[in-house]
Each structure stands twice: as structure tokens, then as C-alpha cells.
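Data block below; observations after.
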Amino acid sequence: MKPLAIALGLVLSGAAPAQDDRVAGGDELERVLAALGEPIDLERLQVLIGSGAAAGSAAARRVIAHLSCRRGYPSAWGLLALAVHQDARVREGALSAFAEIGIRVEDGAQGVRTALHDIDADVRLAAIAALGVNGDAADVPVLLDLVSAEDPRVQAGGFRALRTLTGLKLPNQQRQWAHWWSQAIPQATRRVEAARRTLEKGGKEADVQDARRLLAQCVWIDPRKASETARRWIDSGEPRLRAEGYLLVANGRLGNLVPDLRGMDTERDQAVIAAAAECGAALGIRVSCADGASTPPSGR
């Protein structure tokens, strides 16, 4: 998989913008977009971004519209690649669409944080929304500062991002959010560890369901650790844990684990296959099964 940083550099290089604006008004770009398939093929999308075909503003906007309609991890990846475009309206559109899709792209987190300091106010607002999807615990103090900003749009965006990131439904009051934050991490960390132990050992169905919900809700505390847990479970020799790994990826919207979903050709356990299918549906990708068939993504 091409690292997002490479794609960002290719977009920033502004390759062939004149040709791109010409293509955007004709049929060539439409043919390229159609060839991405349904669901979108990530490698083909990487080639499209890397070719400079979206370097011009008109073509970039068309690509954003195409990705926004199809959603899924490939779309989220492509939108973050376009979030550094030279055109502010393209940056804003890409970040806003990424926030709507709501799937994490781990190596795009720093790009979202950088966009918080964009010269364009609307891009900064879109970046706040994107941070609610792709942020982690280290971003909460930043959002708490934003809800005290003079600009009411920034305040509202900060509160929305806090709710999106944490799953909490606190009111738009900085004091309440600050009080919650002062004691959130120790409490949440203990609960996450307890939930992880429950899923690793197994237990009553109600307890397992509660543990799944808690882990998914708390991915934002440490997305990297959540990904490591999911990957370890997916690689487990125990079918029950493999299934839990796929469900954690699905419920936590951990898009960076997409490559780990492609090793299903030898899986025989039906519960694991069902969990992987749910994962593919959540991330908008196809997951190959042992019988040679593939699970079609339903999208969310």
C-alpha cells in the first residue's frame, strides 16, 4: 500500500494542472473514475492520485464528489490525500467529506492536525470536524481550547468534534467538558483493560456485547494500541479471538488495518468469516473467503 505521505507529496507537487482542468471537462477522468470499481479499488485510487490527474481544482472536486458518494476506507484515504491541495475549496471539501465518512486513516492524523492552522478559515473548520474522526486523546486539550474561542463557529465545531471523538453527549459547556477530561483517562483506561480481558477470556453474551461496545467507543484514547490489539487477535490461533479482532476493526472503524483483512483465503471458521464480512461492510471493501467468493460491502 502506498503510504499516504507519498500521495500527499504528489498532490502538493501540482503535477500537470493544465491538463487536469482539460480532462475534468471531458470523458477521460470519468472513465478513470469508473475504472476505480465498486467498491473502490484502493490501489487504482492510489495510481490516480499519484498520477497528478487530480492536481487541478476542477478534477479534484470531481474526484471528491465521486469518493464522497462511495464512502469506505479507500474513499477516506483518497480524501485525506486531497486535503493538502493548493486550492482552499478543495481542501475544505476533502476534509468535510472525510469527516462525513467517519473511518480512521492512521497515517493521515498529522495532516488533519496541520490543517487546523490553515490560512483559510473554512478549511480550519473542516479540519476540526475531521479531527473528531481521526483524533486521539492527545487532541482533546486542543478541542477544549477551541470551544473557548471567540468565533462561535469554532466553538460549535469544537463541541461537535468532542462528541464525535468520544461518543459522549455532554452539553456545549466548556466547564463540563473540562471537568470530564480531568478524570477521564484513568477511569476509561481501567474500563478498557477490563473489557479487553472479558473478550480475551470469553464470558456471558451480555458481558461480551458490553465489552465490544466499550472498546469501540474508546478507540480514540489510543488508536494505535487498539489496532495492535485487533491485529493480535486476528493473528490468533483461536477462532473466537480472530472474530473479535475483526469486530473491533469494524466497530472501531480502524481503516489502517485494511491490509490485515485480505488473508481470509484459508479461513474455515464460519463465525470468523461472518465477522470479517461485517468488517468489510463497515470499511467499504471486499473480503475474500476460503471458497473463492467475496463478501460484498454494504457500506454504512
Fill in the blank from the handout: Counting only residues that are in contact (Cβ under 8 Å) with a residue 60 or more places away in the chain, buried (at least 24 other Cβ atoms within 10 Å of the Cβ) and farther than 21 Å from residue 166 by Cα, the range 259-284 contains a total of 1
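Out of all the residues in the range 252-262, is one or more farther than 27 Å from residue 109 by Cβ and polar (S, T, N, Q)? Break it down stepwise before answering.
Our first condition is that a residue be farther than 27 Å from residue 109 by Cβ; within the range 252-262, this holds for none.
Looking through the range 252-262, none of the residues is farther than 27 Å from residue 109 by Cβ and polar (S, T, N, Q).
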Practice task
Just need a number here: residues in the range 128-149 that are in contact with a Leu (Cβ under 8 Å, 6 or more places away or on another chain), in a loop (DSSP other than H, G, I, E, B) and over 25 Å from residue 258 (Cα atoms).
Solution key: 1
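Mind checking which residues of the range 246-300 are assigned to a loop (DSSP other than H, G, I, E, B) and modelled with pLDDT of 85 or more? Write out each step before concluding.
Looking only at the range 246-300, we keep the residues that are assigned to a loop (DSSP other than H, G, I, E, B), and these are 253, 263-269, 284-286, 289-293, 296-300.
Across the range 246-300, the qualifying residues are 253, 268, 269, 284, 285.
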Fill in the blank from the handout: Over the range 185-204, the set of residues more than 15 Å from residue 226 (Cβ to Cβ) and polar (S, T, N, Q) is 187, 198
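Among the residues that make up the range 166-173, is at least one of them touching a Lys or Arg at 6+ places or on another chain (Cβ under 7 Å), outside any helix (DSSP H, G or I) and more than 20 Å from residue 80 (Cα to Cα)? It would help to see each step written out before you state the result.
From the range 166-173, those touching a Lys or Arg at 6+ places or on another chain (Cβ under 7 Å) are 169; that's our starting set.
Remaining after also requiring outside any helix (DSSP H, G or I): 169.
So of that shortlist, the ones also more than 20 Å from residue 80 (Cα to Cα) come out as 169.
Yes, the range 166-173 contains at least one residue that is touching a Lys or Arg at 6+ places or on another chain (Cβ under 7 Å), outside any helix (DSSP H, G or I) and more than 20 Å from residue 80 (Cα to Cα).
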Practice task
Test residue 193 against the stated conditions and say whether it is part of a loop (DSSP other than H, G, I, E, B) and not assigned by TED's automatic domain parsing to the domain that holds residue 107.
Solution key: no
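Just one of 84, 105, 112 is under 20 Å from the mean Cα position of the chain (by Cα), farther than 26 Å from residue 184 by Cβ and among the hydrophobic types (A, V, I, L, M, F, W, C); which is it? Full working, then the answer.
Working: 105 fails: farther than 26 Å from residue 184 by Cβ; 112 fails: farther than 26 Å from residue 184 by Cβ.
After applying the criteria, what remains is 84.
Pick from the range 234-245 the residues that are among the acidic types (Asp, Glu) and not in a helix (DSSP H, G or I): which of them is farthest from residue 108 (Cα to Cα)? Walk me through it before giving the result.
Taking the range 234-245 as the starting set, the residues that turn out to be among the acidic types (Asp, Glu) are 235, 238, 244.
When the remaining residues are screened for being not in a helix (DSSP H, G or I), the result is 235, 238.
Working: 235: 25, 238: 32 Å.
Ranking the qualifying residues of the range 234-245, first place goes to 238.
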Problem - Flag for residue 216 being farther than 24 Å from residue 267 by Cα and out of contact with any helix residue (DSSP H, G or I) (no Cβ under 7 Å at 6 or more places or on another chain) - result: no
Practice task
Check the range 189-206 and report whether any residue there is over 26 Å from residue 245 (Cα atoms) and in contact (Cβ under 8 Å) with a residue 12 or more places away in the chain.
Solution key: no
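Report whether or not residue 27 is outside the structural domain of residue 282 (by TED's automatic domain parsing), farther than 18 Å from residue 256 by Cβ, among the acidic types (Asp, Glu) and at pLDDT below 90. Talk me through it step by step, then tell me what you get.
On the way: outside the structural domain of residue 282 (by TED's automatic domain parsing): yes; farther than 18 Å from residue 256 by Cβ: yes; among the acidic types (Asp, Glu): yes; at pLDDT below 90: yes.
Yes.
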Practice task
Being of a type in the set (Lys, Arg) and in contact (Cβ under 8 Å) with a residue 60 or more places away in the chain is the filter; apply it to the range 64-97 and report the residue that is surrounded by the fewest Cβ atoms within 10 Å (Cβ to Cβ).
Solution key: 70
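The values are calculated or read from the model by the stated rules, or taken from the named source; none is laboratory data. Treat the numbers as computed from the prediction; the structure is a model and nothing was measured. Counting neighbours? That spans all protein chains shown, and the Cβs are built from the backbone with ideal geometry, glycine included.
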